[in-house]
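The structure appears below as structure tokens.
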Amino acid sequence: MAVAARIDPKTFFTPDEWAGLSTRSSWKGLALIAHAWAVIFAAAAVAVVWPITIPFAVMIIGGRQLGLAILMHDAAHGALHKNLKVNDWAGEWLTSGGLSRYRPYHLTHHKFAQQAEDPDLVLSAPFPITRTSLRRKIVRDLTGQTWFKQRFGDFRARLKARKAGEPVLPIVLEEVRRKRRFLAGAVATIALTAPFGLWWAWFVLWLLPQATWLQVITRLRNIAEHACVAKDEPDPLRHARTTTANLVERALIAPYWVNYHCEHHMFMHLPCYSLPRAHRLLRAKGVTERMETAPSYFAVLKKAASKGQPTAVPA
């Protein structure tokens, strides 16, 4: 099995530089979690008072839902808190959850990044695709079809595959058990908001962002990180892509420095808040010229949807 090449941090950083980058904070990760939830509650409160802002709230909340997933991803690398027990507890219960299932899968992705054994290779291998195909995917994301398939596709398949006369109830109860955290959150939120006439808040200000905007920006994140990166790439500076993100993009589609994905693969245990400084140091040393980078998310999408497009002919 081809293990992806690794980089020794000493190749690019002095001991003092690396110590400053790799030190895990006891409060920064928790502060980022608090920030994500504060933004979610603030956007929801504004939407309740001024319903005309609901479309903006959906994008903002969906962006922070991705942010919570990113912080859970940091916890998978043990980078959310210097105490591993606190790291794992916060990653499991204060972010998007699912840390215990996600960690082994994700670390396998890092071990075999862009190699045949990479479990995430299926996400990047189809690219480039046509513009029509990309539009269809985005429409499915924005209309909730992707979310429904991911959440309930296996459940539907098990119902269809059951033998004649086999009872449905055990399959339903198993699905409820699998979704108990999701359902518990829904029930608790509705119970707390319904007495104030806000029974709809969970559906509009949590489920709707999760089922629509979160899906499309998660796809965009996956495309930006690995699409059109060569399979079996031997250079560890080109296993993933770093994409320049402006202020609006960081607010709506690329929270908590997720756009520095090449640096993350180069030094996968760095906390997310250390990635911008790592990028600046690498740029000062001329290393970023050798890395896989993109000037914008639009440029990445254009490249990812370039199949069938005419290529420029030199004059």
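The values are calculated or read from the model by the stated rules, or taken from the named source; none is laboratory data. The model shown is predicted, which means the values in this text are computed figures rather than measured ones. Glycine also receives a Cβ, built like all others from the backbone with ideal geometry; neighbour counts cover every protein chain displayed.
Okay, here's what the table says:
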{"quantity": "Which listed residue, of T189, T212, T193, is modelled with pLDDT of 85 or more and in contact with an Asp or Glu (Cβ under 8 Å, 6 or more places away or on another chain)", "calculated": "T212"}
{"quantity": "Residues that are modelled with pLDDT of 90 or more and under 18 Å from the mean Cα position of the chain (by Cα), drawn from the stretch 120-139", "calculated": "K137, I138"}
{"quantity": "Positions within the stretch 44-86 being within 17 Å of L32 (Cβ to Cβ) and polar (S, T, N, Q), in sequence order", "calculated": "Q65, N83"}
{"quantity": "Answer from V216, V172 - the residue that is buried (at least 18 other Cβ atoms within 10 Å of the Cβ) and not in a loop (DSSP other than H, G, I, E, B)", "calculated": "V216"}
{"quantity": "Among the candidates E92, E166, residue that is at pLDDT below 85, of a type in the set (D, E) and either more than 24 Å from K307 (Cβ to Cβ) or not in a loop (DSSP other than H, G, I, E, B) (or both)", "calculated": "E166"}
{"quantity": "Of all residues making up the stretch 229-251, the number that are hydrophobic (A, V, I, L, M, F, W, C), within 14 Å of F298 (Cα to Cα) and crowded, with 17+ Cβ neighbours inside 10 Å", "calculated": "1"}
{"quantity": "Given (1) surrounded by 12 or more Cβ atoms within 10 Å (Cβ to Cβ); (2) free of Cβ contacts under 8 Å to residues at least 12 places away in the same chain, index of the condition W257 fails", "calculated": "(2)"}
{"quantity": "Filtered residues of the stretch 17-62 (kept if assigned to a helix (DSSP H, G or I), of a type in the set (G, A, S) and within 14 Å of A90 (Cα to Cα))", "calculated": "G29, A31, A34, A36"}
{"quantity": "Residue within the stretch 103-126 that is in a helix (DSSP H, G or I), in contact with an Asp or Glu (Cβ under 6 Å, 6 or more places away or on another chain), surrounded by 14 or more Cβ atoms within 10 Å (Cβ to Cβ) and not basic (K, R) present", "calculated": "yes"}
{"quantity": "Boolean, S100 is surrounded by fewer than 17 Cβ atoms within 10 Å (Cβ to Cβ) and closer than 30 Å to A284 by Cα", "calculated": "no"}
